[in-house]
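> This structure is in structure tokens; I'll ask about it shortly.
Each value in this text was obtained by applying a stated rule to the coordinates, not by laboratory testing. None of these values were measured; they are calculated from a predicted model. Backbone-built Cβ (ideal geometry, glycine too); neighbour counts: all protein chains shown.
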Amino acid sequence: MDRRAVVRLMGAAAALAGGPVEIERLGRELHRRLALGVTRRVLDPHQDATVVSLSDLILPETDTPGAKAARVNELIDLLLAEWYDAADRDRFLAGLRDVDARAHTAFGKDFLDGTAVQQAALLTALDDEAARWNASPRGSRGPEPFYRTFKWLTLFGYYTSEIGAVREQHYAIIPGSYVPCAPADTASAPE
């Protein structure tokens, strides 16, 4: 999936979540809080490093910075601490443990200790599993796969950051509402 397709997907998700303005506003607020020095509260160092690695494999540095530079891991930790309820947070952390368990099955060590090829193969398998889940009939799906949730959080964190929104997408903030008959420049309006 290329980045333009991701942006379209994020737009569709935003429409379902209350509209693009609200989801963009939430992302900017979370990134503003990160800039103030919010520290990691949920993820332990190994989990944090796994989140950094996974998110950077999803959105690596290219001609623009990747997920690591956008501090997606810190945004995910903030969401886990302040927005996720205990059950969802536990499900997310279990998903991270499952990534390591699958890595041990596939190549005998934690995900972080695998080679780039091993990590990419595991990520491809997780992505395929999420795609099969998404393509299955809604009534027979079962719980959403961890990787689908993780990928959405990565995309949300990246595309609401300054790096993703401004540097990559060249997003320019414009007024969010139409104000008819407003003076263009009140400082130079005749008296």
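> Give the order of LYS109, LYS68 when sorted by the count of other beta carbons within 10 angstrom, beginning with the fewest.
LYS109, LYS68
> Here's something else I'd like to know. Give me the number: length gained by fully extending ALA101 to ALA69, i.e. 0.36 nm times residue separation minus the C-alpha to C-alpha distance, one decimal in nm.
Result: 8.8 nm gained on full extension.
> I would also like to ask the following. State whether the stretch 82-130 is rounded, prolate or oblate according to the following rule on the C-alpha gyration tensor (a ≥ b ≥ c being the square roots of its eigenvalues): a/c under 1.5 gives rounded; otherwise a/b larger than b/c gives prolate, and the remaining case gives oblate.
It comes out prolate by the Cα gyration axes.
> Which ³J(HN,Hα) values, rounded to whole Hz and listed in residue order, are derived for the stretch 130-143 from phi using the Karplus coefficients 6.51, -1.76 and 1.60 in 6.51 cos²θ - 1.76 cosθ + 1.60 with θ = phi - 60°, glycine and proline given as x?
With coefficients 6.51, -1.76 and 1.60, one gets 5, 5, 5, 4, 5, 7, 6, x, 3, x, 10, 6, x, x Hz.
> Can you find, among LEU96, TRP83, LEU59, the residue farthest towards the positive end of the dipole of the stretch 41-114? Put +1 on the C-beta of Lys and Arg, -1 on that of Asp and Glu.
LEU96
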